[in-house]
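The values are calculated or read from the model by the stated rules, or taken from the named source; none is laboratory data. The shown structure was predicted, so the numbers you read here are calculated from the model rather than taken from an experiment. As a convention, Cβ positions derive from the backbone with ideal geometry for all residues, glycine included, and neighbour counts pool all protein chains shown.
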């Protein structure tokens, strides 16, 4: 069909053109929208001890791929007291330097009470809590909860294992010590030249308490009451140093890095150490060989073969700079899918969670962890309402006694009085 178009007159054309020009002028004078910068992707900070960073990276990278948010790993404190010193000033000032952090049993209860940690009841699904064994329930209620709310998720089954040079023991036909008496006898057997029968890290703050709590568990004592079994434990450590001379007095000022270094220089026959040593020892490819760092049950004291357990967990500060994203991140890293990935990456993350046991089978540290549980080795970490202050009392009194500044009787008296004063 042919369309008919009427030709515009010159007057009509000028009118149309005028309207168009006026419209263009008005449009030019109208306020123009301000160009908006492209949205920036947030970067969250997660604080955890540096030896765990490599194990964390695959899980964090997967979260970044899912959400677009990056995660920067920063080195976290290694003890309860260090954690309090590092975060308390920021929390009191109304800020937080991190979005998610790994925190210790002994440091966080005061943070809960002050309202500085975000509750996780609506964040962590029940399937995650159901993944933990029943032996975790008292610990979760004591150190991970407050006033009926849960504030952190365990990522460590921290129990002191007895590590020993099985290759040395096999050469002499010696079995690992089953009792305190055998521990002393074997320690003497190996104490010569530059070899130590045993070694421990007892530097303050925190490490003195950790070792004395371990020995007190074997003695059957209630550490924070400074009862008679606690005195037995203190005396046993004193005798290891000064009577039997199988534990050097330099251990009183030693940290875990120094302790591990001595063991991995082949200077130590046996020692108590945490699960992370599995990864530390085996990651040193130039040193490690089968039998150099094996695990046996703890030597039995008056209360049996015991070792207290506690651990570290993940939490979100209430004042986290990116709290909404941090809550999604903590849900992600503690999930049943990601817990086995962390466990395979570093022995510090190996726990008797169902997901981890199913994924790892008898791999790595798992068989030893099962053996400890089957032999009823784990005992609860000593608890006090003012946990950090109570541990400092043990640190101070233990140090004074083991450096011969006060007697055993005086140590027990001072400890009991200082604990009583905390209430």
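Okay, here's what the table says:
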| read-out | value |
| --- | --- |
| Segment 217-261 - residue that is over 18 Å from residue 407 (Cα atoms), in contact with a strand residue (DSSP E or B) (Cβ under 8 Å, 6 or more places away or on another chain) and without any contact (Cβ under 8 Å) to a residue 60 or more places away in the chain and, of those, surrounded by the most Cβ atoms within 10 Å (Cβ to Cβ) | 251 |
| The listed residue being in contact with a helix residue (DSSP H, G or I) (Cβ under 9 Å, 6 or more places away or on another chain), surrounded by fewer than 17 Cβ atoms within 10 Å (Cβ to Cβ) and more than 30 Å from residue 279 (Cα to Cα), out of 406, 373, 419 | 406 |
| Test: residue in segment 239-247 that is under 18 Å from residue 79 (Cα atoms) and part of a helix (DSSP H, G or I) | no |
| Leading residue by the ranking (surrounded by the fewest Cβ atoms within 10 Å (Cβ to Cβ)) among those in segment 337-365 that are over 18 Å from the mean Cα position of the chain (by Cα) and more than 30 Å from residue 291 (Cβ to Cβ) | 337 |
| Residue check for residue 195: outside the structural domain of residue 79 (by TED's automatic domain parsing), surrounded by 17 or more Cβ atoms within 10 Å (Cβ to Cβ) and closer than 29 Å to residue 237 by Cα | no |
| Residue 124 within 21 Å of residue 356 (Cα to Cα), in contact with a strand residue (DSSP E or B) (Cβ under 9 Å, 6 or more places away or on another chain) and without any contact (Cβ under 8 Å) to a residue 24 or more places away in the chain | no |
| Selection count, segment 302-317, where residues are surrounded by fewer than 18 Cβ atoms within 10 Å (Cβ to Cβ) and either free of Cβ contacts under 8 Å to residues at least 60 places away in the same chain or touching a strand residue (DSSP E or B) at 6+ places or on another chain (Cβ under 6 Å) (or both) | 0 |
| Residue match in segment 326-335 (condition: in contact with a helix residue (DSSP H, G or I) (Cβ under 8 Å, 6 or more places away or on another chain), part of a loop (DSSP other than H, G, I, E, B) and touching a residue at least 60 places away in the same chain (Cβ under 8 Å)) | yes |
| Residue in segment 279-295 that is within 17 Å of the chain's Cα centre (by Cα), farther than 30 Å from residue 228 by Cα and touching a residue at least 60 places away in the same chain (Cβ under 8 Å) present | yes |
| Segment 91-108, residues that are surrounded by 15 or more Cβ atoms within 10 Å (Cβ to Cβ) and part of a loop (DSSP other than H, G, I, E, B) | 96, 97, 98, 99 |
| Within segment 109-227, helices (runs of 4 or more DSSP H) holding 2 or more residues that are out of contact with any helix residue (DSSP H, G or I) (no Cβ under 7 Å at 6 or more places or on another chain) and within 30 Å of residue 268 (Cα to Cα) | 166-172, 180-190, 207-219 |
| Residue ranges of helices (runs of 4 or more DSSP H) in segment 355-423 with at least 3 members over 22 Å from residue 231 (Cα atoms) | 366-374 |
| Within segment 64-90, tally of residues that are buried (at least 20 other Cβ atoms within 10 Å of the Cβ) and modelled with pLDDT of 95 or more | 3 |
| Odd one out for residue 61, checked against (1) within 16 Å of the chain's Cα centre (by Cα); (2) modelled with pLDDT of 95 or more; (3) not in a loop (DSSP other than H, G, I, E, B) | (1) |
| All positions within segment 282-300 that are surrounded by fewer than 19 Cβ atoms within 10 Å (Cβ to Cβ) and out of contact with any strand residue (DSSP E or B) (no Cβ under 8 Å at 6 or more places or on another chain) | 282, 283, 284, 285, 286, 287, 288, 289, 290, 291 |
